[in-house]
């Protein structure tokens, strides 16, 4: 029997929270099953796979089965992407530190440009996991598409960055929630905003093809 009204909304809200708690439990379990370093990236992609299904799929599905299927399927791809992102991040960080203490207009301009590139890269990384679980592409094309979405849909990208900042401040005040209900909430928001960008992109492509 379907529950309506305030009680129904409260029930759905509690059900939604319980699913996010369970997803975070699976994420932690998957991360440690790969000894953290090897498990973090496939576990994160598996978490996004569940969140994508929560957002776009109305039918019920097995969270545990879907999670571990995705974990095994995306293990090598996710770690390759993780290493690639890590190398890019290290290079940007290295040059930021190098240019920070340099004097002169040229170095100041280069530092500002590098900061802008770093900001763009962060948003590209926020798009990356949603892109991987939403599209079927060659591995390196995921980074390219994430970058294109970053520059094509700045509102969605900036909203994702704002969610990341809000996440930091909220959970710094309530750290007790971090083990149970934190990263899954952030990932849900990022997946939700990315999915809006995907739908907008799909609509624009459809309109262009109909011209």
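Once both axes come from the Cα atoms, what is the angle between helix 75-100 and the longest principal axis of the chain, in degrees from 0 to 90, rounded to 10?
Tilt relative to the chain: about 40 degrees.
Given a Förster distance of 30 Å, report the FRET efficiency between residue 21 and residue 135 from their Cβ-Cβ distance, rounded to the nearest 0.05.
0.60
Identify the residues of the range 120-136 with backbone N under 19 Å of a label point that sits 7 angstrom from the Cα of residue 94 along the Cα-to-Cβ direction, or state none.
Zone members listed by number: 121-122.
Helix 40-56: angle to the longest alpha-carbon principal axis of the chain, degrees 0 to 90, nearest 10?
Its long axis makes an angle of about 50 degrees.
So what is the relative contact order for the chain, in percent, with contacts set as C-alpha pairs under 8 Å and at least six apart?
RCO, the chain: 22 percent.
Starting from the Cα of residue 164, move 7 Å in the Cα-to-Cβ direction to define the label point; list residues of the range 38-81 whose amide nitrogen is under 12 Å from there.
none
Give me the distance in nm between label points sitting 7 Å out from Cα along the Cα-to-Cβ direction at residue 9 and residue 68, one decimal.
3.9
Multiplying the sequence separation of residue 115 and residue 152 by 0.36 nm and subtracting their Cα-Cα distance, what value in nm do you get?
Full extension from residue 115 to residue 152 adds 11.4 nm.
Determine, from the Cβ-Cβ distance of residue 29 and residue 206 and an R0 of 30 Å, the FRET efficiency 1/(1 + (r/R0)^6), rounded to the nearest 0.05.
The pair residue 29/residue 206 has a calculated efficiency of 0.15.
Taking other Cβ within 10 Å of each residue's Cβ, how do 14, 193 sort, fewest first?
In increasing order of surrounding Cβ atoms, one gets 14, 193.
Calculate for the chain the 222 nm mean residue ellipticity that helices alone would give, adding -39,500 (n - 2.57) per DSSP H run of length 4 or more and normalising by residue count, nearest 500 deg cm²/dmol.
-29000 deg cm²/dmol, from helical runs alone.
Tilt of helix 105-134 relative to the longest C-alpha principal axis of the chain, in degrees (0 to 90, nearest 10)?
The helix 105-134 is inclined about 20 degrees to the chain.
Only the coordinates and a few stated rules stand behind these numbers; no lab work does. Computed from a predicted structure; not experimentally measured. Neighbour counts are summed over all protein chains in view; Cβ atoms, including those assigned to glycine, are modelled from backbone coordinates with ideal geometry.
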